[in-house]
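Colleague: The following block contains the structure, expressed as structure tokens.
The values are calculated or read from the model by the stated rules, or taken from the named source; none is laboratory data. On a predicted model such as this, the values are computed, not experimentally measured, just so you know. Cβ coordinates were reconstructed from backbone atoms using ideal geometry, including for glycine residues, and neighbour counts include every protein chain displayed.
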Ligand code: D5M
Ligand code: FE
Ligand code: ZN
């Protein structure tokens, strides 16, 4: 304990006072130079009143940080896969999954006027068409050869093959992801077959933002990797303590969102045990619980898993199971959700996704990279799907319903996974990649991945103004936007 704090406590105790633990927490975070003056004045005041306990209220009143009770903190979970996960097995499961994906996205694209001219793949078979028509489906093949791109789309009736000659359109086609849904404007080719004249993505409309009535703030975090040697425990603990400080932004925080990789996990990569300071999931989650416990109880905390957390690896992931840590589940201000989830914070809609699919997408898409995760996030929004590519590194479970289709249009899109804190906007949606609280690992260094850890992003849910706190000692480590 700091000597100034010991002095202040002894002063009060010697005068016959008790100090409530919540008051102690506040004292711990007060500027040490002010401690003596604060404690002496409170002791004098309360002695006059013949009340010999110093509680949270006394300190908050003294410091002028009494909670603003007009700040709402209403959380509604709008979508959470945890209780919907069924795991249909085998081929039947995948057929159901893709047919659900197709149907959901076709419904989304039906809002567009062109969709009136939609034909099924089977109905086109060998027919010569006079006017332009549209087909839609999931991309199953995409080939570029000798200045021509060939695409195959699949819908429930069968498959459609079309050719693209236009150079610009070939570039667009080059950014299509396998298994992504797309609508194509087509015409008959001279000899036989079809030419693709345009490609239309589901995308989303520019729309008015939902706003919180009061200026409550939400904090966006992810990729803590608690239990790892590289978890920035001291910095994270400083940030969590800051939430209880008299800082005007801290006083208004009502939500903390954690977008996955809460813990580093066990057996996630070869020889991981050599890089762990906590060797079991239980130990790691206990540490997470202890850190989260420092957050004031009037702050709602939403916890979503990532690929390092326990539960299951495949998407969609259920919430971190209670059996590994009942403490988190039992806390009144903690809400455990699956990955992905959609929550409403005072009416502001936040879509949360850990971001596993980014790995597959940056590998196969020209122009996208780990350095600009928000560009990948835009790609996902245009595709209206969180993890289009099936059968690559990101495991996807054979659910009967495709829970990764982006059905609700969010006001904020919160993703993590790539350990680069970055902000951007797309069609009025605030894009937040919440970075990490883990220093660069030897693996990341070996593949040339440079994280910018230790940055906490905060958003005013009424004005959408963004603040951040940077706990990194490295000056190059800045928030990207
Ligand atoms: O992932 C942190 C980052 O490291 C994320 O951008 C993916 C990348 N990563 C992790 N493992 C691999 C492998 N095996 N190959 C390529 N890139 C990888 P995290 O989920 O925190 O481990
Ligand atoms: Fe991570
Ligand atoms: Zn991750």
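Residue-wise test of (1) part of a loop (DSSP other than H, G, I, E, B); (2) modelled with pLDDT under 95; (3) on the phi < 0 side of the Ramachandran plot.
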| position | (1), (2), (3) |
| --- | --- |
| 116 | no, yes, yes |
| 123 | no, yes, yes |
| 130 | yes, yes, yes |
| 139 | no, no, yes |
| 144 | no, yes, yes |
| 151 | no, no, yes |
| 163 | no, no, yes |
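Colleague: Now a separate question. Kindly indicate whether any position in segment 328-339 is surrounded by 22 or more Cβ atoms within 10 Å (Cβ to Cβ) and within 14 Å of ligand 1 (Cβ to nearest atom).
Modeller: Checked against the condition, which is being surrounded by 22 or more Cβ atoms within 10 Å (Cβ to Cβ) and within 14 Å of ligand 1 (Cβ to nearest atom), segment 328-339 yields at least one hit.
Colleague: Further, regarding this structure: When you look at residue 395, is it closer than 18 Å to residue 100 by Cβ and within 16 Å of ligand 3 (Cβ to nearest atom), yes or no? Even if it seems obvious, please write down each step before you answer.
Modeller: Details: closer than 18 Å to residue 100 by Cβ: yes; within 16 Å of ligand 3 (Cβ to nearest atom): yes.
Yes: the conditions hold for residue 395.
Colleague: Which members of segment 234-267 meet the condition of being away from ligand 2 (no atom under 16 Å from the Cβ) and free of Cβ contacts under 8 Å to residues at least 24 places away in the same chain?
Modeller: Passing the criteria: 234, 247, 248, 250.
Colleague: Further question on the same structure: Conditions first: (1) out of contact with any strand residue (DSSP E or B) (no Cβ under 6 Å at 6 or more places or on another chain); (2) assigned to a loop (DSSP other than H, G, I, E, B). Residue 410 passes all but one, so which condition is the exception?
Modeller: Here residue 410 meets the rest and fails (1).
Colleague: Can you name the residue in segment 430-445 that is in a strand (DSSP E or B) and in contact (Cβ under 8 Å) with a residue 60 or more places away in the chain and is also nearest to ligand 1 (Cβ to nearest atom) among such residues?
Modeller: The qualifying residue nearest to ligand 1 (Cβ to nearest atom) is 438.
Colleague: Here's a follow-up. Check segment 379-398 and report whether any residue there is farther than 24 Å from residue 312 by Cβ, within 16 Å of ligand 1 (Cβ to nearest atom) and either touching a residue at least 40 places away in the same chain (Cβ under 8 Å) or in a loop (DSSP other than H, G, I, E, B) (or both).
Modeller: yes
Colleague: Right, here's the next one. Quick check: anything in segment 104-113 outside any loop (DSSP other than H, G, I, E, B), outside the structural domain of residue 306 (by the TED database), within 19 Å of residue 398 (Cβ to Cβ) and modelled with pLDDT of 95 or more?
Modeller: The answer is yes; a qualifying residue exists.
Colleague: Test each condition in (1) away from ligand 3 (no atom under 16 Å from the Cβ); (2) more than 23 Å from residue 459 (Cβ to Cβ) for residue 357 and report the one that comes out false.
Modeller: Every listed condition holds for residue 357 apart from (1).
Colleague: Is it the case, given these coordinates, that residue 366 is at pLDDT below 95, closer than 30 Å to residue 211 by Cα and either assigned by the TED database to the domain that holds residue 384 or part of a loop (DSSP other than H, G, I, E, B) (or both)?
Modeller: Against the criterion (at pLDDT below 95, closer than 30 Å to residue 211 by Cα and either assigned by the TED database to the domain that holds residue 384 or part of a loop (DSSP other than H, G, I, E, B) (or both)), residue 366 does not qualify.
Colleague: Mind checking whether some residue in segment 216-223 is in contact with a helix residue (DSSP H, G or I) (Cβ under 8 Å, 6 or more places away or on another chain) and away from ligand 1 (no atom under 16 Å from the Cβ)?
Modeller: Yes, some residue in segment 216-223 is in contact with a helix residue (DSSP H, G or I) (Cβ under 8 Å, 6 or more places away or on another chain) and away from ligand 1 (no atom under 16 Å from the Cβ).
Colleague: Could you grab me the full set of residues in segment 453-477 that are assigned to a loop (DSSP other than H, G, I, E, B), within 23 Å of residue 255 (Cα to Cα) and out of contact with any helix residue (DSSP H, G or I) (no Cβ under 9 Å at 6 or more places or on another chain)?
Modeller: Of the residues in segment 453-477, the ones assigned to a loop (DSSP other than H, G, I, E, B) are 453-454, 461-465, 471-477.
When the remaining residues are screened for being within 23 Å of residue 255 (Cα to Cα), the result is 453-454, 461-465, 471-472.
Scanning segment 453-477 gives 461, 462, 463, 464, 465.
Colleague: Still on this structure: In segment 320-354, what residues are assigned to a loop (DSSP other than H, G, I, E, B) and within 16 Å of ligand 3 (Cβ to nearest atom)?
Modeller: To start, the set of residues in segment 320-354 that are assigned to a loop (DSSP other than H, G, I, E, B) comprises 320-321, 325, 331-333, 337-338, 340, 346-347, 354.
The answer is 320, 338, 340, 354.
Colleague: Which ones in segment 234-257 are out of contact with any helix residue (DSSP H, G or I) (no Cβ under 8 Å at 6 or more places or on another chain) and under 21 Å from residue 477 (Cα atoms)?
Modeller: Those that are out of contact with any helix residue (DSSP H, G or I) (no Cβ under 8 Å at 6 or more places or on another chain) and under 21 Å from residue 477 (Cα atoms): 234, 235, 238, 239.
Colleague: Right, something else. Take the residues in segment 8-38 that are in contact with a strand residue (DSSP E or B) (Cβ under 8 Å, 6 or more places away or on another chain) and not in a loop (DSSP other than H, G, I, E, B), then tell me which one is surrounded by the most Cβ atoms within 10 Å (Cβ to Cβ).
Modeller: Top of the filtered list is 12.
Colleague: Related question: Take residue 297 and tell me if it is farther than 19 Å from residue 318 by Cβ and modelled with pLDDT of 95 or more.
Modeller: No, not satisfied.
Colleague: Report yes if some residue within segment 174-185 is out of contact with any strand residue (DSSP E or B) (no Cβ under 8 Å at 6 or more places or on another chain) and in a loop (DSSP other than H, G, I, E, B); otherwise report no.
Modeller: Yes; the residues of segment 174-185 include at least one that is out of contact with any strand residue (DSSP E or B) (no Cβ under 8 Å at 6 or more places or on another chain) and in a loop (DSSP other than H, G, I, E, B).
Colleague: Tell me the residue from 416, 448, 454 that is within 16 Å of ligand 1 (Cβ to nearest atom), more than 15 Å from the chain's Cα centre (by Cα), buried (at least 21 other Cβ atoms within 10 Å of the Cβ) and assigned by the TED database to the domain that holds residue 303, please.
Modeller: Residue meeting the stated conditions: 454.
Colleague: Right, next: Please determine, by comparing only the residues of segment 244-283 that are away from ligand 3 (no atom under 16 Å from the Cβ) and within 20 Å of the chain's Cα centre (by Cα), which one is nearest to residue 417 (Cα to Cα).
Modeller: 256
Colleague: Still on this model: Being surrounded by fewer than 17 Cβ atoms within 10 Å (Cβ to Cβ), touching a residue at least 12 places away in the same chain (Cβ under 8 Å) and in a loop (DSSP other than H, G, I, E, B) is the filter here; which residues of segment 269-278 pass it? Full working, then the answer.
Modeller: So the first thing to find is which residues in segment 269-278 are surrounded by fewer than 17 Cβ atoms within 10 Å (Cβ to Cβ), and the list is 269-271, 273-275, 277.
Still in the list and also touching a residue at least 12 places away in the same chain (Cβ under 8 Å): 269, 275, 277.
Within segment 269-278, 269, 277 qualify.
Colleague: Considering (1) touching a helix residue (DSSP H, G or I) at 6+ places or on another chain (Cβ under 8 Å); (2) within 16 Å of ligand 1 (Cβ to nearest atom); (3) within 20 Å of residue 178 (Cβ to Cβ), say which one residue 364 fails and leave the rest.
Modeller: (1)
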